[in-house]
Amino acid sequence: MSRTLVVVLGGTRSGKSRFGRDRAAHLAAGGPVTYIGTALAGDPELDDRIRRHRLDRPADWATIEAGVDLAAAIRSVPAGTTVLVDGLTLWASLTLADNPARVDAVLDGAFAEVLAAIADHDGPVVVVSDEIGLGLVPLDLLGRAFRDLLGIAHQRLVARSDEAWLMVAGRAISLPPPVPA
C-alpha cells in the first residue's frame, strides 16, 4: 500500500540524511512525518551525530527509536504518515549481531519483515542507508558478511522502490530503473 518508496544511498557525510529528510518533507506535503532512528547512543561521537540529526529535523516530526525491531516500528506509524527511516545500515549491524553466519537468516527473516512492513504502510516511506560496497574487500569475515548483507538488502529494497538516489559530495544522482533483460 505504500504510495511511494524512496531509497537514498551514499557514503559517510555524503548528504544522504539531509536529502532523505527533504524528500520526506516534500512527500508529506505539510502532513505528518515520523522519523525512525536506528542509532543507539553510547559513545560521544555517535551521541553528537544523533543530537545534530535531531536539530536538523522539524520539531513537530514524531520520533521512534527502532532498536532491532524495525518492522514493528514501521507498522506502528499511523496510515497517511510519511515515514523516514535513517538508517538501514545501523539497524543491519544490530540485527547481524556480530555473527557472519546470520546473513541469510537476517535477509529472509527480519529484513523480509521490514520489506513487508514498508509495503503495507499506507503512506510514503523514505529509507536512508550507507553504500559501503564501493571500497576495498574487508579483510575479516564479519566485515565481508556485513558488506554482503547490506548490498543484497539494498538490491532488494531498490527493486521495490519508486525512486532510488545515490548521494555523492552532497549531490543526488538519480538511479534509473533496471534495464529489461
Find the helices (runs of 4 or more DSSP H) located wholly in segment 13-130 whose residues include 1 or more that are among the hydroxyl-bearing types (Ser, Thr, Tyr) and either buried (at least 20 other Cβ atoms within 10 Å of the Cβ) or out of contact with any Gly (no Cβ under 8 Å at 6 or more places or on another chain) (or both), and list them.
-> 16-28, 88-96
Top-ranked residue in segment 141-181 [being open to solvent by less than 80 Å² (accessible area, probe 1.4 Å) and part of a loop (DSSP other than H, G, I, E, B); ranked as farthest from residue 16 (Cα to Cα)] | 161
Enumerate the pairs (first residue in segment 153-180 and closer than 16 Å to residue 124 by Cα; second residue anywhere and assigned to a loop (DSSP other than H, G, I, E, B) and charged (D, E, K, R)) with beta-carbon separation below 9 Å, excluding pairs fewer than 6 apart on the same chain, so at least 6 apart or on different chains.
-> 162/3
Hey, residue 80 hits all of (1) in contact (Cβ under 8 Å) with a residue 60 or more places away in the chain; (2) out of contact with any helix residue (DSSP H, G or I) (no Cβ under 7 Å at 6 or more places or on another chain) but one; which does it fall short on?
-> (1)
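Being touching a Ser or Thr at 6+ places or on another chain (Cβ under 6 Å) and more than 13 Å from residue 149 (Cβ to Cβ) is the filter here, so list the residues in segment 70-103 that pass it.
We begin by selecting, within segment 70-103, every residue touching a Ser or Thr at 6+ places or on another chain (Cβ under 6 Å); these are 77, 81, 83, 86-91.
Of everything in segment 70-103, those that are touching a Ser or Thr at 6+ places or on another chain (Cβ under 6 Å) and more than 13 Å from residue 149 (Cβ to Cβ) turn out to be 77, 81, 83, 86, 87.
The values are calculated or read from the model by the stated rules, or taken from the named source; none is laboratory data. Computed from a prediction, not measured in an experiment: that's the story for all the values here. As a convention, Cβ positions derive from the backbone with ideal geometry for all residues, glycine included, and neighbour counts pool all protein chains shown. Only protein heavy atoms, including side chains, enter the accessible area calculation; ligands, DNA and RNA are left aside. Shrake-Rupley method; radii C 1.70, N 1.55, O 1.52, S 1.80 Å.
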